[in-house]
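Student: Below you will find the structure I want to go over with you.
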Amino acid sequence: MSSAATSNTTTQVAGHVVPMRTKLGHALMIVVLSVLLVIFIVPFLLVVINVFKTKADITAHPLALIGRHGFTLANFPNAIDKMDFWTVLGNSTIITTSATILTVVFSATAAYVIVRNPSWKVNKLFFAMMVASMVVPFQVLMVPLVSVYGGIFNVLNSRITLILMHVGFSVSLAVFMFHGAIRTNIPIELEEAAEIDGATKWKTFWTVIFPLLKPTVATVTIIDAMAFWNDYLLPSLVLGKKELYTIPIATQVFYGTYSTDIGLIMAALLLAMLPILILYLFLQRYVVAGVTAGAVKG
């Protein structure tokens, strides 16, 4: 009888006994995650469905897959024309790509120097300052920052200024992430072996250490690229000229004169999110691979 009771509360899986409570916990977690997925994905699906309808069909039947007037692509060329899409796409691409690459390179190299030189007191000081700076909100700094760069140095309305600001605000978190990855996942014996083979520190980092940081590089790239691409506040403070606008700033035109044309707004939103969505789908496999490898290693 005791064995029967045990079989009711546990399950044999791959040679391990899994309690029924654990199975119920996993099932509950799947249900909760599925509900959250639906909640987050529904707004995006509504955009995808309605962007191919006329304004009248969107207003009358927002949940219908196809409107009464049929399938239309007219919203896209209109949105591209109104927001000067190709210009702002180029600006966003240049700023996001440059800032992300600089953040990854500077952060990875800085973290490597800090981890591999623990006896340098200045490294501990810099790392502590970087960690502490992450708690300072940008809103506290934006007014004096713009006043100094705009009023004293007169370097606003420049992509380079915005790129450097993006790097400055994001490098602390990136260094923190690379620091943890190098310290916990990359043994120093690999570098000693490369040094015996005659490799310099610089060559060792790029040929041995950096390739092993792919999951962290992918994670930092996703976080920062999405933040830079979708950022509205900082570009609106730095970039005053229309020809320098990024996509988030350019989409604001649809909330003024064209705010009643929902189709144009949805087309602009879809055009704005597609490039960064493609980047995320491409890089997330490296993040998953890194998490899986860490779990197996642990």
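Residue-wise test of (1) charged (D, E, K, R); (2) closer than 30 Å to A268 by Cα.
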position	(1), (2)
D81	yes, yes
L89	no, yes
T103	no, yes
V113	no, no
R116	yes, no
K124	yes, no
A128	no, no
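Student: Continuing with this model, one more query. Any residue in the stretch 192-209 that is buried (at least 16 other Cβ atoms within 10 Å of the Cβ) sitting within a Cβ distance under 6 Å of a residue that is not aliphatic (A, V, I, L, M)? List the pairs, counting only those 6 or more apart or interchain.
Tutor: Hits for this filter: A194/T204; T204/E191; F205/Y112.
Student: Please find, within the stretch 28-65, the residue that is nearest to the chain's Cα centre (by Cα) out of those that are of a type in the set (S, T, Y) and assigned to a helix (DSSP H, G or I).
Tutor: For the stretch 28-65, the residue satisfying everything is S34.
Student: So how many residues does the stretch 178-191 have that are small (G, A, S) and loosely packed, with under 14 Cβ neighbours inside 10 Å?
Tutor: 1
Residue by residue, here is whether (1) at pLDDT 80 or above; (2) part of a helix (DSSP H, G or I); (3) surrounded by fewer than 18 Cβ atoms within 10 Å (Cβ to Cβ); (4) over 21 Å from the mean Cα position of the chain (by Cα) holds:
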{"position": "T257", "(1), (2), (3), (4)": "no, no, yes, yes"}
{"position": "T260", "(1), (2), (3), (4)": "no, no, yes, yes"}
{"position": "G263", "(1), (2), (3), (4)": "yes, yes, no, yes"}
{"position": "M266", "(1), (2), (3), (4)": "yes, yes, no, yes"}
{"position": "A272", "(1), (2), (3), (4)": "yes, yes, no, no"}
{"position": "P275", "(1), (2), (3), (4)": "yes, yes, yes, no"}
{"position": "A289", "(1), (2), (3), (4)": "no, yes, yes, no"}
{"position": "T292", "(1), (2), (3), (4)": "no, yes, yes, no"}
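Student: Looking only at the stretch 104-123, filter to residues that are of a type in the set (V, I, T) and touching a helix residue (DSSP H, G or I) at 6+ places or on another chain (Cβ under 8 Å); which one of those is nearest to F169 (Cα to Cα)?
Tutor: Of all residues in the stretch 104-123, those of a type in the set (V, I, T) come to 104-105, 109, 113-115, 122.
Right, trim to touching a helix residue (DSSP H, G or I) at 6+ places or on another chain (Cβ under 8 Å) and you get 104, 109, 113-115.
Values: V104: 13, T109: 17, V113: 20, I114: 19, V115: 21 Å.
Ranking the candidates gives V104 first.
Student: Starting from the stretch 75-86, keep only residues that are within 14 Å of D261 (Cα to Cα), then list their pairs with residues that are basic (K, R) and part of a loop (DSSP other than H, G, I, E, B) whose Cβ atoms are within a distance under 9 Å, requiring at least 6 positions of separation or different chains.
Tutor: What qualifies is N75/K53.
The values are calculated or read from the model by the stated rules, or taken from the named source; none is laboratory data. Treat the numbers as computed from the prediction; the structure is a model and nothing was measured. Counting neighbours? That spans all protein chains shown, and the Cβs are built from the backbone with ideal geometry, glycine included.
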